[in-house]
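Reading through the structure tokens given below for one structure.
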Amino acid sequence: MPSSWQATFISATTPNPGHPAPYFRREFAVSEGLLRATLSVTALGLVEPYLNGVRVGDEVLSPGWTSYKHRLNVSSYDVTDIVRAGANAVGAIVGEGWAVGRLGWEGRRNLYTDRPALFLQLELHYPERTEVIGTDNSFRVGTGAVLANSIYDGETYDARLEPEGWSEAGFDDSIWAPAEPVEWNLEALQAPAGPPIRRVQQLAPAEILTSPSGKTIVDFGQNISGWVRLTVEGESGRTVTLRHAELLTPAGELETETNRTAEATDRYTLRGGGVETWEPSFTFHGFRYAQIDGWPGDLTAEAVRAVVVHSDMARTGWFETSDELVNRLHANTVWSMRGNFVGVPTDCPQRDERLGWTGDINAFGPTAAFLYDVRGVLGSWLQDLAAEQTEKGYVPWVVPDVLPNPSSPTALWSDVAVGLPWTLYQEYGDLEILRRSYDSMAAFTRQVEALLDAHGLWSSGFQWGDWLDPDAPAKNPTAGKTDRHLVASAYLFKTAREMAETARLLGEDDDAAAFAALAGRVRSAFRHEFVAASGRLVNESATAYALTIQFGLLDDDQRQKAGDRLAELVAQRGYKISTGFAGTPLVTDALSSTGHLAEAYSLLLEKECPSFLYPVTMGATTTWERWDSVMPDGTLNSTGMTSLNHYALGAVADWLHRVVGGLQRVEPGYRRMRIAPQPGGGLTWAKVAHETAYGRVEVSWRIEGEELALDVTIPAGAEAVVVLPLHPEAARVEVAHGTHSWRYELPAGYGAIQGLTMDSSIRQIAADKTIWRTVAETLDRYFPGIPLDASAPEAAAMSLKVVLENLPGVPPELEQQLRDALVAEGAN
């Protein structure tokens, strides 16, 4: 970043909403003896800089999206090799982007400025002087091929209108107009805190389809964020139109409903006269499918590529198992994170929203920090959050804040101000993360403390609750089974506890004592209001139990009782999901940590809707917003809010890394770890790897015959306690850096299928989900509505034979069908 600015923001004379993007240019001379040339550039909008006809840099969608009035990123490039002695030209195209175009489902525009504006400063360093070329009214402004551009709606480009040589010296810009200055606070300009957005991958078509209506549709095989690059040859004036979507209808036509009002359509008009390659510059889409109209001749796979676009983060986490459906579940989580880290951690990349919702990233934060190095992206985002919070007096529900109304404090959403810095500190072990966010963290916590009732509960005000609980009404996702203020008070206890520990770590002793007292007060109030002496909750939902167990709101004896009850609730649902944003990241942990590993695996591996694996069985390649975003018949769940690329419910991946893979952090930054895989669910192997601050950690376990093998690699400077899984003596070993291996016999009978008969108890049969489903469906055909609860106490003693003896008028074929069901599934 230059030490001072001599440039100003410039724009065209009048704003032209939805009209051609402005092209800016200026010529300048370079003398002999140049040592170095540096170009710094940003925009209100999206900018593509050029120098002597060369596109500068490989960033896209620059400068990204920040809280522009507080923080506007400036990219700097060494352009010494591009400039030359004599005449030169510098220029840029500026699109509408987030600053000018419409944002949000209300369709509002111009939330930051009324026109695209360019800021550019070129510094020419000579041995004894520095010359500066800065944007001012000496720049000329015109138009070119970019006729329209919108983040939501797409880009229209007419190659016939591109001024040849416009960014080179000698171009005739006499019909262009002088640029006009635009007022903007230059103190907001800063070097980027996070990585730039780049093209990171290209995907060839998986299939080119012809729909029943005769449309040409390209299936790229993966739902992504980005755009299509085309290579085409045809007559001048022909327009190729690309419409993007995440899904096809069951009939095979493009399904655009998940886009809502976003047109997601790019148009390219050919120049003619040869092969032309084009891709948009000022939009991006969330899509798997692209319908291509107007193509000259037959479309070939070589002619199109899907360009994957997101913040250029380093991958740091990997996971794989013997179960391909679980692998696809994890891959879907990774792809949803990639699709929603386009500068800002967003909810979705396809519709007329794409906002930095706080609740989504708060729920997903631990998973995100494991999979990628997110210090830059999320550190930058937290700076925006703090700036907006300071200005407005509250933590917005979306950051940057573009909502038309103020955001009231809410659990899981607003408390991201505390939860996310704490998550990042745990991952990276850097106290500066907490120090930078401390004022924001403390301000939020104190704000909510002032809202508590006389008993110490957060019992009033709007709350999102367990958002998108599958049992909530489709049009009211906040109306789940779990008391919203139970959720709020549970999360506030977690927040206050993290706040107290943060203050202690930073030496803020008075604050540490005050926040610890707040945590104690909220915990006491919560237990008085919601917890029976036995550990049972007055609000019996899976989310309520998961939060209460995982946040430490119970005594040890109560915790086990709560875990047992949670396991019963999960079993009663047939191991289908019954949690939303608040409960899903915690429910498998709440089960496995209270001795119910088998139930946690059953929940993970269930395939019927709603479940973790249902979307996978439906061909999903990213995580869905709703558990039933696509119905079993392939039709879209038409709720008006149905994205197929929403990472929040993929937060179960955190449990996969720590419990199935077995890699658990003991100290911030992974200086000390606990390696403790917990095999189950029929999995025969799993492996996890993570690039920590100390280096790469790898854990791999596999069951081979009657033996288990475990391999662990620990980086230098770190150490681990290894709990050998399924070891006959429950052995624990302390290890330092290096690679360590163990091999030993499994417990006798591990994994053996127990024979089931008509004399087996209901609970024994229900332990095998596949057999139980067949048995339950068979009974329901003959006795609809029979109250058969496998988790009830009597189920441990009542056999299937006894059930039949107590039913009136049992037809003789029913018992045989039940016996056949047991035998058909491999039982005796």
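The values are calculated or read from the model by the stated rules, or taken from the named source; none is laboratory data. Computed from a predicted model, the values in this text were never measured in an experiment. All Cβ positions, even for glycine, are placed from backbone atoms using ideal geometry, and neighbour counts span all protein chains on display. The area values use the complete protein model at the heavy-atom level, side chains included, leaving out ligands, DNA and RNA. Shrake-Rupley method; radii C 1.70, N 1.55, O 1.52, S 1.80 Å.
Every listed requirement among (1) more than 23 Å from Ser4 (Cα to Cα); (2) part of a strand (DSSP E or B); (3) open to solvent by 10 Å² or more (accessible area, probe 1.4 Å); (4) not β-branched (Val, Ile, Thr) is met by Ser76 save one, (1). When the range 173-232 is limited to residues that are hydrophobic (A, V, I, L, M, F, W, C) and part of a helix (DSSP H, G or I), the one that is surrounded by the fewest Cβ atoms within 10 Å (Cβ to Cβ) turns out to be Leu186.
Residue by residue, here is whether (1) surrounded by fewer than 17 Cβ atoms within 10 Å (Cβ to Cβ); (2) assigned to a strand (DSSP E or B); (3) in contact (Cβ under 8 Å) with a residue 60 or more places away in the chain; (4) more than 31 Å from the chain's Cα centre (by Cα) holds:
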position	(1), (2), (3), (4)
Glu698	no, yes, no, no
Ala709	yes, yes, no, yes
Pro728	yes, no, no, yes
Val733	yes, yes, no, yes
Thr739	yes, yes, no, yes
Trp742	yes, yes, no, yes
Tyr750	yes, no, no, yes
Met758	yes, no, yes, yes
Ile765	no, no, no, yes
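Just give me the residues in the range 82-107 being in a strand (DSSP E or B) and either under 16 Å from Pro20 (Cβ atoms) or at pLDDT below 95 (or both), in sequence order. The answer is Gly91, Ala92, Ile93, Val94, Gly95. Can you pull out every residue in the range 571-586 that is more than 19 Å from Asp323 (Cβ to Cβ) and modelled with pLDDT of 95 or more? Correct list: Ser578, Thr579, Gly580, Phe581, Ala582, Gly583, Thr584, Pro585, Leu586.
Would you be able to say whether some residue in the range 119-131 is within 32 Å of the chain's Cα centre (by Cα) and either at pLDDT 95 or above or of a type in the set (D, E, K, R) (or both)? Lay out the reasoning, then the answer.
Filtering the range 119-131 for residues within 32 Å of the chain's Cα centre (by Cα) gives 119.
Cutting the leftovers down to either at pLDDT 95 or above or of a type in the set (D, E, K, R) (or both) gives us 119.
Yes, that holds for at least one residue.
Step by step: first the residues of the range 352-366, then only those that are under 26 Å from Thr256 (Cβ atoms) and more than 9 Å from the chain's Cα centre (by Cα), then the one that is surrounded by the most Cβ atoms within 10 Å (Cβ to Cβ). Which residue is that? The qualifying residue surrounded by the most Cβ atoms within 10 Å (Cβ to Cβ) is Trp357. If you go through the range 114-139 and pick out every residue that is surrounded by fewer than 21 Cβ atoms within 10 Å (Cβ to Cβ) and in contact (Cβ under 8 Å) with a residue 24 or more places away in the chain, you end up with 10. When Glu27 is tested against the conditions (1) within 26 Å of Gly142 (Cβ to Cβ); (2) open to solvent by 60 Å² or more (accessible area, probe 1.4 Å); (3) part of a loop (DSSP other than H, G, I, E, B), the lone failure is (3).
Here is a yes/no grid of residues against (1) crowded, with 24+ Cβ neighbours inside 10 Å; (2) within 15 Å of the chain's Cα centre (by Cα); (3) of a type in the set (Val, Ile, Thr):
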| residue | (1), (2), (3) |
| --- | --- |
| Gly376 | no, no, no |
| Val395 | yes, no, yes |
| Asp415 | yes, no, no |
| Gly429 | no, no, no |
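Residues in the range 258-283 that are open to solvent by 10 Å² or more (accessible area, probe 1.4 Å), outside any loop (DSSP other than H, G, I, E, B) and closer than 12 Å to Gly237 by Cα: Arg267, Thr269. Hey, does the range 651-661 have a residue that's assigned to a loop (DSSP other than H, G, I, E, B) and surrounded by fewer than 17 Cβ atoms within 10 Å (Cβ to Cβ)? No, that holds for no residue.
When you scan the range 101-108, do you find a residue that is buried (at least 17 other Cβ atoms within 10 Å of the Cβ), in contact (Cβ under 8 Å) with a residue 60 or more places away in the chain and within 18 Å of Glu168 (Cα to Cα), even just one? Checking the range 101-108: not a single residue is buried (at least 17 other Cβ atoms within 10 Å of the Cβ), in contact (Cβ under 8 Å) with a residue 60 or more places away in the chain and within 18 Å of Glu168 (Cα to Cα).
Among the residues making up the range 621-634, those that are closer than 23 Å to Pro366 by Cα and either in contact with a Phe, Trp or Tyr (Cβ under 9 Å, 6 or more places away or on another chain) or open to solvent by 10 Å² or more (accessible area, probe 1.4 Å) (or both) are Thr621, Thr622, Thr623, Trp624, Arg626, Trp627.
Sub-7 Å Cβ pairs linking a first residue in the range 196-210 that is touching a residue at least 12 places away in the same chain (Cβ under 8 Å) to a second residue that is open to solvent by 50 Å² or more (accessible area, probe 1.4 Å) and in a strand (DSSP E or B), at least 6 apart or interchain, are Gln202/Arg305; Leu203/Arg305; Ala204/Arg305, ordered by first then second residue. A search for C-beta distances below 8 Å between a residue of the range 408-420 that is closer than 14 Å to Ile433 by Cβ and any residue that is among the basic types (Lys, Arg) and at pLDDT 95 or above, counting only pairs 6+ apart in sequence or on different chains, returns Gly419/Lys494. Taking first residues from the range 428-449 that are assigned to a helix (DSSP H, G or I) and partners that are β-branched (Val, Ile, Thr), the Cβ contacts under 7 Å between residues at least 6 apart in sequence or on separate chains come to Leu434/Thr502; Tyr438/Thr502; Met441/Val418; Met441/Thr502; Phe444/Val395; Phe444/Val418; Thr445/Val418; Thr445/Thr495.
Can you pull out every residue in the range 307-320 that is assigned to a loop (DSSP other than H, G, I, E, B), open to solvent by 50 Å² or more (accessible area, probe 1.4 Å) and closer than 21 Å to Asn223 by Cβ? Selection gives Asp312 alone. Could you count how many residues in the range 513-567 are open to solvent by 20 Å² or more (accessible area, probe 1.4 Å) and assigned to a helix (DSSP H, G or I)? Number satisfying all stated conditions: 19. Residue-level analysis places Ala169 outside the set of residues that are within 35 Å of the chain's Cα centre (by Cα) and either crowded, with 17+ Cβ neighbours inside 10 Å or of a type outside the set (Asp, Glu) (or both).
For Ser541, the conditions (1) closer than 30 Å to Tyr438 by Cβ; (2) in contact with a Ser or Thr (Cβ under 6 Å, 6 or more places away or on another chain); (3) hydroxyl-bearing (Ser, Thr, Tyr) are fulfilled apart from (1).
Among the residues of the range 321-342, those identified as open to solvent by 10 Å² or more (accessible area, probe 1.4 Å) and more than 21 Å from Leu203 (Cβ to Cβ) are Ser322, Asp323, Leu325.
Answer yes or no as to whether Gly595 is modelled with pLDDT under 95 and on the phi > 0 side of the Ramachandran plot.
Details: modelled with pLDDT under 95: no; on the phi > 0 side of the Ramachandran plot: yes.
Considered against the rule, which asks whether it is modelled with pLDDT under 95 and on the phi > 0 side of the Ramachandran plot, Gly595 comes out as no.
Need the failing condition index for Gln572 against (1) closer than 23 Å to Leu788 by Cβ; (2) crowded, with 17+ Cβ neighbours inside 10 Å, just the number. The failed condition is (2).
Count of the range 475-512 residues, restricted to those that are over 19 Å from Leu434 (Cβ atoms) and open to solvent by 50 Å² or more (accessible area, probe 1.4 Å), is 5. Taking the range 452-489 as the range and being of a type in the set (Gly, Ala, Ser) and within 30 Å of Pro615 (Cα to Cα) as the test, the residues that pass are Gly465, Ala472, Ala474, Ala479, Gly480, Ala488. Does the range 464-474 contain any residue that is touching an Asp or Glu at 6+ places or on another chain (Cβ under 9 Å) and at positive phi? Yes: one or more hits. When the residues of the range 767-801 are narrowed to those that are in a helix (DSSP H, G or I) and open to solvent by 80 Å² or more (accessible area, probe 1.4 Å), which ends up modelled with the highest pLDDT? Filtering first and then ranking leaves Arg781.
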